[in-house]
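Notes to accompany the following structure.
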Amino acid sequence: MEAIALVKPRTTQDISLTLKLCHESGQGVIIHGGLSGCCQGAKTSANKVVISLERMDKIETIDHIGMTATIEAGATLENVQNEINENGFYFPLDLGARGSCMIGGNVATNAGGINVIRYGMMRNQVLGLEAVLADGTILSSMNQMLKNNAGYDLKQLFIGTEGTLGIVTRVVVKLEMGHTSQNTGLVALNSFNNVKAFLAHMKGKMGGILSAYEVMWGDYYRAVTSEGWHTSPMGRDHNYYVIVECDGTHKEQDETNFLNALEGALETGFIEDAVLPKSESERRAIWNIRENFEALYQNKPIFLYDVSLPIKNMEYYINEVQARLKQRWGNVFCSILGHIGDGNLHLFVCPGEGGEELHIKSDEDVYTPLVKYGGSVSAEHGIGTEKKAWLHLSRSPVEIKLMKHLKKSLDPKGILNPGVIFD
């Protein structure tokens, strides 16, 4: 890592003093959390100061009556999940990088993950926060209520804005009651129409306890379950695979309803096969197929994408992207998975030749078709520095102008994460 200095503050006041000095001198600052971002948003250089939040990792309080937790921005998501679970509650944000990503980064990128279909994005979990502005001013908006319509909801300025308007230091999040039942299944399907039909079927049968619906295209599944990688618990020749999971509070009834729903889907032909884990280790092995895709990175270069669009248009979009990529590179490999229930797709594009210089051509083939479907170039990873050339495909000139106006108002010298989202 290149930088003029690395600052590791322990308190909000430490950050305030650091930013005050940097603001006075016009010194650019890059904010580091768990460094698990996918869009080069934490990329630094020899002329920047890096502020790492790793020492601000406390879970300050858990309110058992109000069902909230107050957390420092440097706490890792996994540690937060574990401590909240030990207190009898549940924090629903969950993603594969849980062991390294930090709460502040989850707020800054408005993280999504596997439970969005039921609980929403990180924005839905945040009640209040504290942030330090570019000139060192501390904005404390540590609201703990579900309802607060007193003027502007200023916390929204810092959720999903990737550290460009201020550094989030502390967060108040709402908690859920811990679930006492969990039912998981890996199912195989032969068409995307059945993927959509099975989603509607599970929503109808399981109602509000459907928490995850993760779809893996056949090529992805076969790549990560090839020899030397994950073990497949079912046949590897299907077109689609779905991990479906329901969390509830009525163990026996939830299990009965889940089994009945799967049996009904088999009878109607929505699904071809199903595997139910018999232990937590078997459940974790199924989820590892979805979350651990190291096998894909054995071939370079490989480019990761995170897009969103209406579910009804996904098959047409994927067909077009694959056709464009195939026309450009004959040996291209494009594997796909996604949080289909909330309209999110992840694509892994390996051109089969060349190097990083091909990234922009791959971007063109993946991002351009989104326009006709009203899609977004970023579903949950943000823009960073990697996607800013494509922001105009998802945001209008008026929207981008207002974004820049907000940036100029809150960070007039442009010292916070300079070059992130736009120049």
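No lab work stands behind these numbers, since they all come straight from the coordinates. If you're wondering where the values come from, they're calculated on a predicted model, not measured in any experiment. FYI the Cβ positions are ideal-geometry reconstructions off the backbone, even for glycines, and counts take in every protein chain you see.
Below 10 angstrom from the Cβ of P301, what's the summed charge of the other residues (Lys, Arg +1; Asp, Glu -1)? Mind dumping the intermediate values first?
On the way: positive: K300; negative: E353, E356, E357.
It works out to a net charge of -2.
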For D63, other-chain or 5+-apart residues with amide H closer than 5 Å (H placed, Pro excluded) are T68, A69, T70
Reachable aspartates and glutamates from K401, criterion Cα separation under 14 angstrom, eight or more residues apart if same chain:
D423
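Set the Förster radius R0 to 30 Å, insert the Cβ-Cβ distance between E252 and E176 as r into 1/(1 + (r/R0)^6), and round the FRET efficiency to 0.05.
Numbers: r = 21 Å, r/R0 = 0.71.
Between E252 and E176 the formula returns 0.90.
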List the lysines whose Cα lies under 16 Å from the Cα of K196, skipping any in the same chain that are fewer than 8 positions away.
K205, K312
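What's the magnitude of the charge dipole for the stretch 181-294 around its Cα centre, counting Lys and Arg as +1 and Asp and Glu as -1 at the beta-carbon? Answer in Debye, nearest 20. Could you put the intermediate results ahead of the total?
Values: 10 positive and 17 negative charges, 38 e Å.
Approximately 180 debye in magnitude.
Could you tally the net charge around S378, taking each other residue with its Cβ under 15 Å from the Cβ of S378, Lys/Arg +1 and Asp/Glu -1?
Summing Lys/Arg as +1 and Asp/Glu as -1 gives -3.
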Under 14 Å from a point placed 7 Å out from the Cα of T137 along the Cα-to-Cβ direction: which residues of the stretch 5-44 have their backbone N that close?
20
Rounded tilt (10° steps) of 77-86 against the dominant C-alpha axis of the chain:
70 degrees
Tabulate in residue order the Karplus-calculated ³J(HN,Hα) for the stretch 386-402, using 6.51 cos²θ - 1.76 cosθ + 1.60 with θ = phi - 60°, rounded to whole Hz; enter x for Gly and Pro.
6, 9, 5, 5, 10, 4, 5, 6, 10, 10, 6, x, 5, 4, 5, 4, 5
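In debye to the nearest 20, how big a dipole does the chain give about its Cα centre with +1 on each Lys and Arg Cβ and -1 on each Asp and Glu Cβ? Mind showing how you got there, number by number?
Details: 39 positive and 49 negative charges, 248 e Å.
Charge dipole, the chain, about its Cα centre: 1180 debye, nearest 20.
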When the distances between all Cα atoms of the chain are binned every 20 Å from zero, what whole-number percent does each bin get?
25, 56, 19, 0
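Could you order peptides 412-420, 227-235, 105-113 by the average number of other Cβ atoms within 10 Å of their residues, highest first?
Details: 412-420: 19.4, 227-235: 12.6, 105-113: 26.9.
In descending order of packing, they fall as 105-113, 412-420, 227-235.
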Select from the stretch 252-303 those trypsin sites (Lys or Arg not before Pro) which occupy a DSSP coil region and have at most 15 other Cβ atoms within 10 Å, ordered by residue number.
K278
Residue-by-residue Karplus 3J(HN,Hα) for the stretch 153-159, coefficients 6.51, -1.76, 1.60, Hz, glycine and proline x
8, 5, 4, 4, 5, 10, 8
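What is the local net charge at P418, summed over the other residues whose Cβ is closer than 14 Å to its Cβ (Lys, Arg +1; Asp, Glu -1)? Please report the intermediate quantities before stating the final value.
Working: positive: K43, K48, K388, K404, K407, K408, K413; negative: E162, D411, D423.
Here the count lands on +4.
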Under the Karplus relation 6.51 cos²θ - 1.76 cosθ + 1.60, θ = phi - 60°, what is the ordered set of whole-Hz ³J(HN,Hα) values for the stretch 160-175, x standing for Gly and Pro?
x, 9, 6, x, 8, 10, x, 9, 6, 10, 9, 9, 9, 10, 8, 10
Too-long pairs where the Cα-Cα distance tops 20 Å, listed order kept, from K20/K404; K174/K387; K361/K387; K155/K413:
K20/K404; K174/K387; K155/K413
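May I ask you to order 316-326, 400-410, 208-218, 189-199 by the average number of other C-beta atoms within 10 Å around their residues, highest value first? All intermediate terms of the calculation are to be shown ahead of the outcome.
Numbers: 316-326: 17.1, 400-410: 13.7, 208-218: 21.3, 189-199: 18.9.
Highest mean packing first, the order is 208-218, 189-199, 316-326, 400-410.
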At R0 = 41 Å the Cβ-Cβ FRET efficiency linking I4 and T231, nearest 0.05, sits at 0.30
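Applying 1/(1 + (r/R0)^6) with R0 = 35 Å to the Cβ-Cβ distance of L21 and A389, what FRET efficiency is obtained, to the nearest 0.05? Please report the intermediate quantities before stating the final value.
Details: r = 33 Å, r/R0 = 0.93.
With R0 = 35 Å, the Cβ-Cβ based efficiency is 0.60.
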